Amino acid sequence: MSIKFKFKKPKSPKSKKKAIIAAVIALVVIVIVAYSCSISSKAKSMHANVAYTTLKKSDIKDTVSVSGTVKSRESTNVYTTLTFPVKEVAASVGDKVKKGDTLAVLDTASLSQDIEQQKYGTESAETSTAIALTKAKSDYESALRLYNNDLDTGVVTAKSQLDTAKNSLTTEKSTYGYKEFMYNSGQLSKYELDAEKAKLDDAQSAYSNAEKSLAAAQTAARQSLESAKAAYDDAVAKSGDKSQDIALQKLEQNLKDSVITAPSDGVVTVSNASVGVAPSGVMFVIENVGSLKAEAQIKEIDTSEIKAGDEVDIRTDATWDTVSKGVVESVAPAATPSTEGTGSVTFTTKINITKADPRVKIGMKAKMDIIAQEHKNVYSVPYDALADESNGAGRLYAAEGTGGVYKAVAVKVKTGLETDIAVEVSGDKLKDGMIIINDPEGITEGDTIQLAEGEK
């Protein structure tokens, strides 16, 4: 094997000069490019007027906002079944009333006349009933005495007739026996014996009829006693009949009820009473202004978040500077169809107002935030401050530094309760006073940050 060496031809002085010039130019280009990149890098890493949040613990609430109307928890409809025209209206809408206060008076001139007539009729009926009872009692006692002692006229007569018939029958039996003996001994003819037999048969028939007459008389006497007893019992029943008294009491009660009074303390919110017009339906509505509630319609999508016991923040246009408090009492189990033909449904939600501003009045429209969830004493940041959120984890950018010079530092966090504008965050590196960039889009770790003035 042989090794061959190849030698380049030496360059001329002119060629060497060209090479040096080219190298110098290349170096200048490299310096210019490096400087430009440096300038570009500095421009990219500087972020001015950056909005931020100073981290501190507070309460975060997930709320459902609804609109509703303030109502009274204690509302009473006042009405009457009487049909007399209204004579006087003593209360108007807005009036505060106490239980028993007069609201209206009905015209009962005709009722007073009816009462006087009923009193007269009641007294007359009581007198007639007393007389009838006395007579019926006397008749019954007399019939009972006659019956128990066999003193009834019909029975006495029938017994006398029976005794007579019995005596006649006894006599005829004796006579017939004697004449039958004489006939058998040949001293009496058959004709005479038959004539005597006919007398005996008549006596027997008369006796049987007398027995029947006595039985009939005894039946009649018993029926007479029963009839007298029935008449007496009926008289006793009529004496206990209070229908006339009841009728009078009803008329007198109607007279009392003709003065329409407040059933409870409260404020008159409805008045349908007019002088000269007979009442129909509800005359007044009395509501307790000290016990308030609100009703709202919530969307179907929000029903899964809202439940009985949830706290509620309540505002009205008249009391916007003060938040009244309430609690969800119930969510309707059935939907209320939309009246707008959209096919959507809502659910009536009742809210008990537990602490109300004194200026809150019945009928006011209310804006209510139902607190579906609330976490107390936690960190939270604007929703846009969270970067790369996924599966309950995310990243924040904190601005760290001194003397007005800040650098962006990535901080890993766990996320929790979310609202429309904020999200709960937690992590070992979080602390009070930490400056969190509100919108870190375009910011990377290590970038220089200039904070916006006036932010908190």
- Message: When you check A385 against the structure, is it in the same structural domain as G427 (by TED's automatic domain parsing), of a type in the set (G, A, S), surrounded by 12 or more Cβ atoms within 10 Å (Cβ to Cβ) and closer than 27 Å to V64 by Cβ, yes or no?
- Response: yes
- Task: Residue by residue through the range 247-280, note down the ones that are surrounded by fewer than 18 Cβ atoms within 10 Å (Cβ to Cβ), assigned to a helix (DSSP H, G or I) and under 35 Å from the mean Cα position of the chain (by Cα).
- Result: Q249, K250, E252, Q253, L255, K256, D257
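Just need a number here: residues in the range 103-116 that are at pLDDT 80 or above and either farther than 30 Å from P279 by Cα or surrounded by 12 or more Cβ atoms within 10 Å (Cβ to Cβ) (or both). Break it down into steps so the answer makes sense when it comes.
Initially, the range 103-116 is screened for residues at pLDDT 80 or above, giving 103-111.
Among the residues that remain, those that are also either farther than 30 Å from P279 by Cα or surrounded by 12 or more Cβ atoms within 10 Å (Cβ to Cβ) (or both) are: 103-108, 111.
So the answer is 7.
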- Taking first residues from the range 342-371 that are free of Cβ contacts under 8 Å to residues at least 12 places away in the same chain and second residues anywhere that are surrounded by fewer than 18 Cβ atoms within 10 Å (Cβ to Cβ), the pairs with Cβ under 9 Å that are 6 or more apart or on different chains are G343/P337
- Checked against (1) assigned to a helix (DSSP H, G or I); (2) touching a Phe, Trp or Tyr at 6+ places or on another chain (Cβ under 7 Å); (3) modelled with pLDDT of 90 or more; (4) not acidic (D, E), A136 satisfies every condition except (3)
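Out of all the residues in the range 425-434, which are part of a strand (DSSP E or B) and either among the small types (G, A, S) or at pLDDT 95 or above (or both)?
Step one: of the range 425-434, the residues part of a strand (DSSP E or B) are 425-426.
Matches in the range 425-434: S426 only.
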- Note on the structure: Among the residues of the range 283-319, the number that are more than 18 Å from the chain's Cα centre (by Cα), surrounded by fewer than 16 Cβ atoms within 10 Å (Cβ to Cβ) and in contact (Cβ under 8 Å) with a residue 24 or more places away in the chain is 5
- Check off (1) under 60 Å from the mean Cα position of the chain (by Cα); (2) at pLDDT 90 or above; (3) part of a helix (DSSP H, G or I) for F181 and give me the number that stays unchecked. (1)
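If I ask for residues that are touching a Leu at 6+ places or on another chain (Cβ under 7 Å) and closer than 13 Å to S213 by Cα, which ones from the range 161-176 would you list? Spell out how you get there, then give the answer.
Step one: of the range 161-176, the residues touching a Leu at 6+ places or on another chain (Cβ under 7 Å) are 162, 172-173, 176.
Of everything in the range 161-176, just one residue is touching a Leu at 6+ places or on another chain (Cβ under 7 Å) and closer than 13 Å to S213 by Cα, namely L162.
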- Task: Could you check V156 against (1) surrounded by 13 or more Cβ atoms within 10 Å (Cβ to Cβ); (2) free of Cβ contacts under 8 Å to residues at least 40 places away in the same chain; (3) more than 20 Å from A228 (Cβ to Cβ) and say which number it fails?
- Result: (3)
- Query: Could we say that E329 is on the phi < 0 side of the Ramachandran plot, surrounded by 13 or more Cβ atoms within 10 Å (Cβ to Cβ) and without any contact (Cβ under 8 Å) to a residue 40 or more places away in the chain here?
  - Reply: yes
- Task: Return a yes/no flag: does the range 441-452 have any residue that is surrounded by fewer than 16 Cβ atoms within 10 Å (Cβ to Cβ), under 49 Å from the mean Cα position of the chain (by Cα) and of a type in the set (V, I, T).
- Result: no
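Name the residue that is farthest from the chain's Cα centre (by Cα), counting only residues in the range 359-389 that are outside any loop (DSSP other than H, G, I, E, B) and at positive phi. Give the steps one after another, and end with the answer.
Taking the range 359-389 and keeping what is outside any loop (DSSP other than H, G, I, E, B), we get 365-385, 387-389.
Among the residues that remain, those that are also at positive phi are: 377, 388.
Details: N377: 38, D388: 50 Å.
So, considering only residues that are outside any loop (DSSP other than H, G, I, E, B) and at positive phi, the one farthest from the chain's Cα centre (by Cα) is D388.
For the range 282-358, please list each of the strands (runs of 3 or more DSSP E) lying entirely inside it that holds at least 1 residues being in contact with an Asp or Glu (Cβ under 7 Å, 6 or more places away or on another chain) and among the polar types (S, T, N, Q).
Details: elements: 282-287, 292-299, 311-316, 324-331, 345-355.
Of the strands (runs of 3 or more DSSP E) lying wholly inside the range 282-358, those with at least 1 residues that are in contact with an Asp or Glu (Cβ under 7 Å, 6 or more places away or on another chain) and among the polar types (S, T, N, Q) span 324-331, 345-355.
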- Residue within the range 139-160 that is assigned to a helix (DSSP H, G or I), touching a helix residue (DSSP H, G or I) at 6+ places or on another chain (Cβ under 8 Å), modelled with pLDDT of 85 or more and of a type outside the set (A, V, I, L, M) present: yes
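The values are calculated or read from the model by the stated rules, or taken from the named source; none is laboratory data. In this text, all values refer to a predicted model and were calculated from it rather than measured experimentally. For neighbour counting, all protein chains shown are included, and Cβ atoms are generated from backbone atoms with ideal geometry for every residue, glycine included.
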